[in-house]
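Remarks on the structure that follows.
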């Protein structure tokens, strides 16, 4: 099913507006035009930031119960329109209709979790009398909103990753200006629709569509922006951090996630989990499995089963309920993956499964014998390609897992709790999934990485903490005698 091409509007300070210029949004499956979207100008962005600052100042005393109600009403609107949301995600992006439905479900949960966490934005009493001379002081700290937040979001989860920024911002009492990915802006606009229908005060949310090169620098450098929340590539993250100057930054960047499979693992379970983790969302997933290190005792068994299960995946029409893998976000990205694989083959790698491209489709691919120095082993492929490598033991597996500049999440399959804890302690990542692939996340958990994989943590509670400031209050009391 295809959505008809339509003229979209963007949300600017409570008003749905058009622009003098537009850009096209295409379905990557067949390159069909599905929408014309406003191409925001620098003046549009400046106006959105100005109105966000005004709205924040106007609503600084915004009661928590009202924020909770708005978040829950927005989630209910999404629930009532969930199939429309899912079809939009699947049409403008790479996900199959079933994957898109899963994303809508998660986005609804993210907004509802934000409502719950708004109840728990608490402070703490401070024992000032732990210091000599402070016996007559009592006090506490509390959290207050940081102000206007800038959010820049990627194409691969065009609804839920926007929800992960908007939900916590509203829960904390901030205003937020969102710049969604230009190839998948429609899902972010649908989220904005949910909040306008929920009664969000004008200016507290703007979704500005267009070119990051044209309006992105204006957004991240503006003095009214107190925090930047960015999800995307490491190179873009470095550029934003350089431009932003002294302001709070939360970034979830690139990855190259490893999974370790030891001799005592349940191989069937490991295979099932790694197939899903490697090829869901056609590999365009920041915590998707890219490298698998298998202890030699089960290497052959794992590889053969992994190949068989991968070959069973159905590649095709995103809207077909039976399809497992759809196209990449565009043909250019599929060609990039193809080039990386060809470079690895030239260096001695071997294709076990896949390795072929058809337009924007790149088929699920398993490589072996990949040199450690190959680009595809060191950088984030962000496509449906996984490397399988035999190792002598858990120590070699951990060493090779750490031998990249990224560290978002990792997985290990083992029945040995000692080896599991060794991996937990030694893997240089933000999260270790035991008896699961790296591709596991719930929206309530802290989420982020080390090394070049980011700064700070997302997850609703962690994001609310990042989007609030602490203020310490101390009372010096006069001493009285009874």
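Brief remarks on what is shown
- Lone qualifier among 398, 417, 381 - being surrounded by 22 or more Cβ atoms within 10 Å (Cβ to Cβ) and within 18 Å of residue 435 (Cα to Cα): 398
- Scanning region 386-408 for residues that are over 11 Å from residue 292 (Cα atoms) and either part of a strand (DSSP E or B) or modelled with pLDDT under 95 (or both) gives 406, 407.
- Here residue 447 meets each of (1) more than 30 Å from residue 139 (Cα to Cα); (2) surrounded by fewer than 21 Cβ atoms within 10 Å (Cβ to Cβ) with one exception, condition (2).
- Of the residues contained in region 454-476, none is found to be surrounded by 24 or more Cβ atoms within 10 Å (Cβ to Cβ) and within 19 Å of residue 277 (Cα to Cα).
- Members of region 325-352 found to be out of contact with any strand residue (DSSP E or B) (no Cβ under 7 Å at 6 or more places or on another chain) and part of a loop (DSSP other than H, G, I, E, B), listed by number: 326, 329, 330, 347, 348
- Taking region 59-155 and the strands (runs of 3 or more DSSP E) fully enclosed by it, the elements with 3 or more residues that are assigned by TED's automatic domain parsing to the domain that holds residue 230 and buried (at least 20 other Cβ atoms within 10 Å of the Cβ) are at 148-152.
Listed here are the residues, each with its yes/no results for (1) closer than 20 Å to residue 286 by Cβ; (2) not in a loop (DSSP other than H, G, I, E, B).
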position	(1), (2)
421	no, yes
432	yes, yes
437	yes, no
440	yes, no
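- Residue satisfying condition, being assigned by TED's automatic domain parsing to the domain that holds residue 429, at pLDDT 95 or above and either out of contact with any strand residue (DSSP E or B) (no Cβ under 9 Å at 6 or more places or on another chain) or under 26 Å from residue 24 (Cβ atoms) (or both), within set 267, 282: 282
- Set 411, 430: member being within 30 Å of residue 123 (Cα to Cα), at pLDDT 95 or above and not assigned by TED's automatic domain parsing to the domain that holds residue 128: 430
- Residue list for region 282-296, filter: part of a helix (DSSP H, G or I) and either crowded, with 24+ Cβ neighbours inside 10 Å or without any contact (Cβ under 8 Å) to a residue 60 or more places away in the chain (or both): 282, 283
- When each of 457, 441 is tested for being touching a residue at least 12 places away in the same chain (Cβ under 8 Å), under 16 Å from the mean Cα position of the chain (by Cα), outside the structural domain of residue 121 (by TED's automatic domain parsing) and under 30 Å from residue 151 (Cβ atoms), the lone residue that passes is 441.
- Residue count for region 28-58 satisfying the condition of being crowded, with 21+ Cβ neighbours inside 10 Å, part of a strand (DSSP E or B) and touching a helix residue (DSSP H, G or I) at 6+ places or on another chain (Cβ under 7 Å): 1.
- Apart from one condition, residue 376 fits all of (1) closer than 20 Å to residue 156 by Cβ; (2) touching a residue at least 40 places away in the same chain (Cβ under 8 Å); the exception is (2).
The values are calculated or read from the model by the stated rules, or taken from the named source; none is laboratory data. Treat the numbers as computed from the prediction; the structure is a model and nothing was measured. Counting neighbours? That spans all protein chains shown, and the Cβs are built from the backbone with ideal geometry, glycine included.
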